[in-house]
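Peer 1: Here it is, the structure, as structure tokens.
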Amino acid sequence: MDAVLVEDNQGGPNSTLVVHTEKDNNERTHSFNRDIKALGIVGKIENCSLLIDVPAGTMNHSYGGFCSLRHGNKKINVHICNDDMVGHFALYHDSVMTYHASIAISSKAALIKFVVSNCIGG
């Protein structure tokens with residue numbers, strides 16, 4: 001579990017979010033693939049090397065992962081996030097993103113920032 005300070009750049013109060021690292025990195029694969037298909041994106045998440053849960057209130061959770069997206073015979077490394085309540089979804093591909101089975105802890109901070117920036121809020 002990590003506590004992360006989220007700064008409000010518009011002059012409002014800062015807040016602290018508690019981030020949980022999921023034990024099953026592929027727990028959200030089905031949900032991620034459902035959102036990908038609904039948006040007409042070609043490809044499918046095959047597996048994730050890191051999955052986090054960012055509770056954004058009592059009922060809403062936002063999830064993010066470092067995952068491998070298969071597009072035909074090509075694998076693409078992506079940051080992906082979605083939530084259970086509002087319907088947020090984001091997918092980011094960076095061809096120079098490092099992807100290993102044992103992701104570096106410093107990369108976890110980048111994933112948290114991605115989730116907070118794209119999949120939390122009303």
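Peer 1: Quick one: Karplus J couplings for segment 84-91, per residue in order, coefficients 6.51, -1.76, 1.60, θ = phi - 60°, nearest Hz, x for Gly and Pro?
Peer 2: 9, 10, 8, x, 5, 7, 8, 9
Peer 1: If Lys and Arg each add +1 and Asp and Glu each add -1, what is the summed charge of the other residues whose beta carbon sits under 10 Å from the beta carbon of C48? Each step should come with its number before you reach the end.
Peer 2: Values: positive: R28; negative: E22, D24, E27, E46.
Neighbourhood net charge equals -3.
Peer 1: Right, something else. Please report the net charge: other residues with Cβ closer than 12 Å to the Cβ of S62, K and R +1, D and E -1. Each step should come with its number before you reach the end.
Peer 2: Values: positive: R28; negative: D53, D83, D84.
Result for the local shell: -2.
Peer 1: Please compute the length gained on full extension between N73 and E46, using 0.36 nm multiplied by the number of residues separating them and subtracting their Cα-Cα distance. The partial results should precede the final answer.
Peer 2: Values: separation 27, 0.36 × 27 = 9.72 nm, distance 1.21 nm.
Stretched out fully, the N73 to E46 stretch lengthens by 8.5 nm.
Throughout, read-outs are computed from the coordinates displayed, never taken from laboratory work. Quick caveat, the model's predicted, so the values are computed rather than measured. Neighbour counts run over all protein chains shown; Cβ positions are idealised from the backbone, glycine included.
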